[in-house]
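The next block holds one structure in the form of structure tokens; read it before the comments.
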Amino acid sequence: MSQALQRIEQTREALVDALAARNWDAIGELDAACRECVDEVLSEAPVDEDAVRSNLEGLLAVYKDLLTATMGERQAIVDEMSQINQARSAAKVYHLFG
């Protein structure tokens with residue numbers, strides 16, 4: 001296995017760990033590293049196309065999980081902001097009539 005493929009595998013594993021810990025800073029850094037690894041693999045002459053395909057499919061699965069997690073986090077923030085806005089509106093009404 002080429003070094004670039006090994007780096008993709010290591011980065012994928014690190015992304016899985018960072019996602020499990022919800023470490024968004026690490027995920028951002030690993031995403032940049034992952035892009036570099038993929039560019040490197042794609043620029044090389046493919047030695048083992050099956051290994052490249054397998055690693056990239058594994059990486060795709062991790063990114064699907066990341067997307068699902070980020071959408072869930074985003075929705076949680078939207079819900080929280082809605083509750084804050086409702087509480088703020090209720091406080092304004094209370095002060096008007098209190």
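Annotations for the structure displayed:
- Charge sum, other residues only, whose C-beta stays under 11 Å from Trp24's C-beta, Lys/Arg counted +1 and Asp/Glu -1: -3
- Sum of -39500 (n - 2.57) over DSSP H runs of 4+, divided by residues of the chain (222 nm, nearest 500): -32500 deg cm²/dmol
- In sequence order, calculated HN-Hα J values of the stretch 21-37 (Karplus, 6.51, -1.76, 1.60; Hz; x Gly/Pro): 8, 6, 8, 5, 5, 5, 4, x, 5, 5, 4, 4, 5, 5, 4, 5, 4
- Virtual spin-label span in nm between Ala20 and Ser54, 7 Å along Cα→Cβ: 2.1 nm
- A simple packing score, the average count of other Cβ atoms within 10 Å per residue, orders the peptides 5-16, 63-74 as 5-16, 63-74, with the highest score first.
- Square roots of 5 times each gyration tensor eigenvalue, C-alpha, the chain, largest first, Å: 45, 11, 10
- Rounded to the nearest whole Hz, the Karplus-based 3J(HN,Hα) values (6.51 cos²θ - 1.76 cosθ + 1.60, θ = phi - 60°) of the stretch 76-86 follow the sequence 5, 5, 4, 4, 5, 5, 4, 5, 5, 5, 5, with x at glycine and proline.
- Once the Cβ-Cβ distance of Gln6 and Leu67 is raised to the sixth power relative to R0 = 22 Å, the FRET efficiency obtained is 0.30.
- Other residues within the sphere of radius under 10 Å centred on the Cβ of Arg7, judged by their own Cβ, net out at -2 (K and R +1, D and E -1).
Read the figures in this text as sums done on the coordinates, not as results from a lab. This structure is a prediction, so every number in the text was calculated from the model and none was measured. Counting neighbours? That spans all protein chains shown, and the Cβs are built from the backbone with ideal geometry, glycine included.
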